[in-house]
Amino acid sequence: MELAESDTNPAQAVKTKSIGEYLSSHLRQYGLLFALIAVMAFFEVVTDGTLLRAVNVTNLLLQNSYIIIMALGMLIVIVSGNIDLSVGSVMGFIGALAAVMIVNYGMSPFLTMVLCLAVGGLIGAAQGYWVAYWKIPSFIVTLAGMLVFRGLSLWLLEGQSVGPFPKEFQVIATGFVPDLFPAGIGETLAGILGERKVNFLALATGIAAAALVVWIGLRQRAQNKAYGIEDEPKSFFIARNVIVAAALIFVMYKLSLFRGLPNVLITMGILTVIYAFITETTTVGRRIYALGGNQKAAKLSGIKTERLTFLAFTNMGVLAAAAGLVFAARLNTATPKAGFALELDVIAAVFIGGASMSGGVGTIIGAVVGAFLMGVLNNGMSIMGIGIDYQQMIKGLVLLAAVIFDVYNKNKQG
Amino acid sequence: MALLSMQNISKTFPGVKALDRVNLDVKQGEIHAVVGENGAGKSTLMKVLSGVYPHGQYDGEIIYNGAPARFSGISDSEKQGIIIIHQELALVPQLSIAENIFLGNECAERGVINWRETNQRTEQLLKKVGLAEAPTTKVDNIGVGKQQLVEIAKALSKDVKLLILDEPTAALQENDSRKLLDLMLELKAQGVTSIIISHKLNEVRYVADSVTVIRDGMTVSKLDAKAGLSEDDIVRDMVGRDMTHRFPEHERTPGEVLMEVSDWSVWHPEHAERRVIKNASFHVRAGEVVGIAGLMGSGRTELAMSIFGRSYGRNISGTVKLKGQPIDVSTVDRAISAGISYVTEDRKALGLVLDETIRFNTTLANLDGVSSGPILKRNEETRVAERYRKALAIRTPSVFQKTVNLSGGNQQKVVLAKWLFTAPEVLILDEPTRGIDVGAKYEIYTIINDLAAEGKGVVMISSEMPELLGMCDRIYVMNEGALVGELAAGDASQERIMSLIVNE
């Protein structure tokens, strides 16, 4: 049968795929990584090494922590085929709420944090309810939410800034994990490396994380081989893992030269790992991709699409609240303008990370790298003294370029 | 004189050769029918002709009006008077008839629309096609038959030389179809050349001057109506083999009643006063293949989807029993866990997540089967997908291929794999072979036979009567939402099914 035979031809094509073809069909994943490295290298050179100084690396992480926390939730919302425009406002509102509760009413920071996360969840649930069960477009529901919570923050703060916060609240954003290892190790290392001091915990964490990444990669590769799954060429695998591992150790080393591991980095890291795990290896994650990829097919496959949408927004609310707490703690004050237009940075990070506007496509790691890319651009341009006007334009063009690159790749393959 | 001559046209999609050196010659002023089974390549050929696949994306030569034509897109072919009316109408429902007719071609001066001229010209065009509607009527408010006429009026407004109608009567009632065919004859008298794509042979005989039969992407025969058209000849050419070999051999001994649906009634989801399914009762035995015949719009899909987790309609009443026990089918996941699966008629829109892999789609309806608790066992998933790839002979380099890249037949097999993995007792198959090539059809039939042999109950909805006659042990006939008859395999024939539909 002629048709049947022509069907089998692609099989040979795959086996003989060259490295070049592999690269071109996976350009997006590598492209993002290369872009981040290139941008960092560029700014490192033009800022005369300021970008990668220990204090600046620490700052870079702290500055972008709340964007990354929200990008995790936004990735899920966008993969499910929706959008959330309210996160900046919700973040600001929760910061304001925390300030009023702690500063004005003297409530305990811990209780406040728990309550604020719960309120964030409720806000997300309230918006998700209309989107999921009433089928009102998420753009409209969350646009309304954006206005409502912007107004509520103003009302709550009566137009004033409220602060400062007590120390035990500030530490969630500005605190560092103390070096748990005996001071002697750090001092010895500092002597060897010729640095003033070395936080061994940070360095050890970096090495452990790098080892973990490589180990997971090797295990996956062995499994792929066992199942005959097409995998990246060996040279790519090695190069990619060396770069990622080196970058992890390098960043952690820089951190260890300053004040060690920021608390918020621990939060961010754990959340990223959890959400990457949820999206990639759980049934819930799988169903969210199916929902965004083809809602009708998902529903006819027995997936409770409404409930999933509802949960995606509830989760977004909790993460926006977490980001609000971190943001308020970092500034040590809640202002009515907090979080203004921040939703756009979050959404941009997710799209730069390779998510698709139409849903069903995107990864947590992509979103996090996308957020870092934006963060490095912001930070690098600020160090260079580029005005906010040019910064905005350049960020806009980067977003556009990333999406054009996506579409171009897709057309080329399709 | 030949108006159009397509010579040795070939077109390949990833994995499928859709057209293989097809020749098509259309004379000036005739109505030329292109017939062939679903998936034979008719629509692809028309897409080549109308520039949907521009020059360079196919091999071969198109001679139009005596000169080689290399269209770069639809607007290019339209400029030369080739106008195609697709199966799915391309009208904007929110706009009026006049606005639709002159869409992209407005009677305007420097961007300002002249409404008087627009409406006057629309009236003339509507008169020409015999449609008594005001030019300002919204397209949404007229039926499909009339919308078809609006499409033709739109074509006439563009000074059409070659009109292509792709299955124009597929969605039409009998008398609307007749009107449309008469209009084609009338246009012919006015000098318009037409190509009609159809597999309704009575219509072809009614209007066509000549016929080209296409099978498996190749031109099989050219017939002249003047010499008299024999339906048997056309069918043999279309199918390429005798009816007896189109279906795999089977011998079945149905057992106990497996699923029994009684007094099933469903109301329309939007028009609350319209009852779509009227007290339907039917059953399927273990190891039996039961067909549901009926015209498009008779309520077959609505019946199946309303049973499958109330995926259609509202105010649903009636009972479903499995092995004598009433079962809860109020949501899709309950229906699945009760043992019912529904394979949709629209695999692209409702069956697959096209941008995802075969593996992703295979396990989607039974993720619990490849996970421990909430955590997916991805190796197990791969094993399952591989198992079905082999069992159903899904032709693909690997189960990590995106389903969008598969041919229709292989996509259909993935959808089948998805539902087989839910281990159903009863499978409801809605148009299981629509739009797939003949070889893949045979394989799907074989799978259906295997399922019946395993003691599953199969309900098969199909518009292709030969398929029902060739595969089913019993056939229910559906018309206007009611099951109007039941025929045993031995008693059933196309004529008897049609007469049950007509005499209701």
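Read-outs: derived from the displayed coordinates by stated rules, not from any lab. Not measured: the values here are computed from a predicted model. With ideal geometry, Cβ positions are generated from the backbone for all residues, glycine too; neighbour counts draw on all protein chains shown.
Measure of size requested: the Rg and Dmax of region B:161-214, with Cα atoms as the atom set and Å as the unit; please supply both.
10.6, 28
Which angle from 0 to 90°, rounded to the nearest 10, does the C-alpha axis of helix B:438-453 make with the longest principal axis of chain B?
Compared with the principal axis, the helix lies near 20 degrees.
Which lysines, on any chain, are close to residue A:254 with Cα under 24 Å apart, when same-chain ones fewer than 8 places away are left out?
A:197
Please give me the summed charge of the neighbours of residue B:494: other residues whose Cβ is under 12 Å from its Cβ, Lys and Arg +1, Asp and Glu -1.
On the way: positive: B:496; negative: B:231, B:464, B:467, B:495.
Net local charge, residue B:494 excluded: -3.
Tell me, how many Å apart are the Cα centres for region B:338-382 and for region A:279-337?
For region B:338-382 versus region A:279-337, the Cα centre distance is 22 Å.
Provide the per-residue ³J(HN,Hα) series for region B:456-471, in order, calculated from phi with Karplus coefficients 6.51, -1.76, 1.60 and θ = phi - 60°, each as a whole number of Hz, with x at glycine and proline positions.
Each residue's phi maps through the Karplus curve to give 7, x, 10, 10, 10, 9, 8, 8, 8, 4, x, 5, 5, 5, x, 10 Hz.
Spin-label point model (7 Å from Cα, Cβ direction): what's the residue A:296 to residue B:90 distance in nm?
So the two model labels end up 2.1 nm from each other.
Among the aspartates and glutamates, select those whose C-alpha is under 15 Å from the C-alpha of residue A:337, and discard any that sit fewer than 8 residues away in the same chain.
Within reach: A:158.
Does region B:210-313 classify as rounded, prolate or oblate by the C-alpha gyration tensor (a ≥ b ≥ c root eigenvalues; a/c under 1.5 gives rounded; else a/b over b/c gives prolate, otherwise oblate)? The partial results should precede the final answer.
Numbers: a/c = 3.50, a/b = 1.70, b/c = 2.05.
Here region B:210-313 falls in the oblate category.
Using the Cα gyration tensor of region A:272-379, with a ≥ b ≥ c the square roots of its eigenvalues, what is the shape: rounded (a/c below 1.5), prolate (a/b larger than b/c) or oblate (neither)? Please report the intermediate quantities before stating the final value.
Numbers: a/c = 2.32, a/b = 1.76, b/c = 1.32.
Taking the square roots of the gyration eigenvalues as a ≥ b ≥ c, region A:272-379 is prolate.
GNM, chain A, Cα, under 10 Å: largest mean-square fluctuation among A:399, A:193, A:291?
In the Gaussian network model the winner is A:193.
Per the helix-only calculation at 222 nm, which mean residue ellipticity applies to chain A, given -39500 (n - 2.57) for every DSSP H run of n ≥ 4 and division by its residues, nearest 500 deg cm²/dmol? All intermediate terms of the calculation are to be shown ahead of the outcome.
Working: 18 runs with 316 residues, N = 414.
Using -39500 (n - 2.57) per qualifying helix, the result is -25500 deg cm²/dmol.
Can you work out ³J(HN,Hα) from phi for every residue in region A:319-336, in order, using Karplus 6.51 cos²θ - 1.76 cosθ + 1.60 and θ = phi - 60°, giving whole Hz and x for Gly and Pro?
Karplus values, whole Hz, x for Gly and Pro: 5, 5, 5, 4, 4, x, 5, 4, 5, 4, 5, 5, 6, 6, 6, 9, 10, x.
With the contact rule set at Cα under 8 Å and sequence spacing of 6 or more, what percent relative contact order holds for chain B?
Details: 986 pairs, mean separation 73.9, N = 504.
Relative contact order here is 15 percent.
Counting only C-alpha contacts under 8 Å and six or more residues apart, can you give the relative contact order of region B:255-387 as a whole percent?
Working: 187 pairs, mean separation 27.0, N = 133.
Reported relative contact order: 20 percent.
How many nm is it between the label spots at residue B:158 and residue B:498, if each spot is 7 Å from the Cα in line with the beta carbon?
3.4
Please compute one quarter of the surface area of the Cα convex hull for chain A and express it in square nanometres. All intermediate terms of the calculation are to be shown ahead of the outcome.
Values: hull surface 95.0 nm².
Averaged projected area of chain A's Cα convex hull equals 23.7 nm².
Fewest to most neighbouring Cβ within 10 Å: what's the order for A:405, A:165, B:421? All intermediate terms of the calculation are to be shown ahead of the outcome.
Details: A:405 17, A:165 23, B:421 20.
Result, fewest neighbours first: A:405, B:421, A:165.
Can you bin region B:384-448 into rounded, prolate or oblate? Criterion: square roots of the alpha carbon gyration tensor eigenvalues sorted a ≥ b ≥ c, rounded for a/c under 1.5, prolate for a/b above b/c, oblate for the rest. Intermediate values should be presented prior to the final figure.
Values: a/c = 1.68, a/b = 1.09, b/c = 1.54.
Verdict is oblate for region B:384-448.
Just to confirm the number: angle between the C-alpha axis of helix B:378-391 and the first principal axis of chain B, 0 to 90 degrees, nearest 10?
70
Based on the Cα gyration tensor of the protein assembly as shown, what are the three equivalent ellipsoid semi-axes, each the root of five times an eigenvalue, rounded to whole Å and given largest first? If you can, show how the numbers build up before the last one.
Values: eigenvalues 662, 209, 175 Å².
With the √(5λ) rule applied to the protein assembly as shown, the semi-axes are 58, 32, 30 Å.
If amide hydrogens are placed 1.01 Å from N in the peptide plane, which non-local residues have theirs closer than 5 Å to the one on residue B:455?
Those qualifying (amide H under 5 Å, at least 5 residues apart or on another chain) are B:287.
Report, in deg cm²/dmol and to the nearest 500, the calculated mean residue ellipticity at 222 nm for chain B, where each DSSP H run with n ≥ 4 adds -39500 (n - 2.57) and the sum is divided by the residue count.
On the way: 16 runs with 160 residues, N = 504.
Mean residue ellipticity at 222 nm (helix-derived): -9500 deg cm²/dmol.
Please list, in chain and number order, the residues 5+ apart from residue B:276 or on another chain whose amide H is under 5 Å from its amide H, with Hs placed from the backbone.
Amide H to amide H, under 5 Å and 5 or more residues apart or across chains, residue B:276 pairs with B:266, B:267, B:268.
If I stretch the segment between residue B:7 and residue B:61 completely, what's the gain in nm (0.36 nm per residue apart, minus their alpha carbon distance), one decimal? Walk me through the intermediate numbers first.
Values: separation 54, 0.36 × 54 = 19.44 nm, distance 0.51 nm.
Gain on extension, residue B:7 to residue B:61, equals 18.9 nm.
Calculate the dipole size of the protein assembly as shown relative to its Cα centre from +1 charges on Lys and Arg beta carbons and -1 charges on Asp and Glu beta carbons; express the result in debye to the nearest 20.
Numbers: 85 positive and 88 negative charges, 469 e Å.
With only Lys, Arg, Asp and Glu charged at Cβ, the dipole is about 2260 debye.
Given H placed on each backbone N at 1.01 Å, which residues far from residue B:219 in sequence or on other chains put an amide H within less than 5 Å of it?
B:23
Per q in 0.05, 0.09, 0.10 Å⁻¹, report the Debye log10 I(q)/I(0) for chain B, using one uniform scatterer on each alpha carbon and no solvent.
Relative scattering, expressed as log10 I(q)/I(0), comes to -0.22, -0.72, -0.88.
With a cut-off of 11 Å, note down the residues of region B:360-390 whose backbone N falls inside the zone around a label point 7 Å from the Cα of residue A:281 toward its beta carbon.
Residues B:375-379 qualify, since their backbone N sits under 11 Å from the label point.
In what order do A:155, A:134, B:115, B:264 fall by count of nearby beta-carbon atoms within 10 Å, going from fewest to most? Provide the component values of the computation, followed by the final result.
Values: A:155 12, A:134 9, B:115 15, B:264 20.
Listed from fewest to most nearby Cβ atoms, that is A:134, A:155, B:115, B:264.
Report, in listed order, any pair from B:418/B:456; B:321/B:418; B:278/B:323; B:11/B:390; A:296/B:179; B:17/B:441 with a Cα-Cα distance greater than 26 Å. Mind showing how you got there, number by number?
Working: B:418/B:456 16 Å; B:321/B:418 24 Å; B:278/B:323 24 Å; B:11/B:390 28 Å; A:296/B:179 36 Å; B:17/B:441 17 Å.
Those over the limit are B:11/B:390; A:296/B:179.
To the nearest Å, what is the center-to-center distance of region A:141-195 and region B:94-120, using C-alpha atoms only?
Between the Cα centre of region A:141-195 and that of region B:94-120, the gap is 61 Å.
If you line up the long axis of helix B:408-420 against the longest principal axis of chain B, both from Cα atoms, how many degrees apart are they, to the nearest 10?
Long axis of B:408-420 versus the principal axis of chain B: about 20 degrees.
Each residue of region B:202-210 in order: what ³J(HN,Hα) in whole Hz does its phi give by Karplus 6.51 cos²θ - 1.76 cosθ + 1.60, θ = phi - 60°, with x for Gly and Pro?
Once θ is set to phi - 60°, the couplings for region B:202-210 become 5, 5, 4, 5, 5, 10, 7, 8, 8 Hz.
If you average the sequence gap of Cα pairs under 8 Å that are 6 or more apart and divide by the length of region A:138-220, what percent do you get for the contact order?
Values: 20 pairs, mean separation 13.8, N = 83.
Relative CO of region A:138-220 lands at 17 percent.
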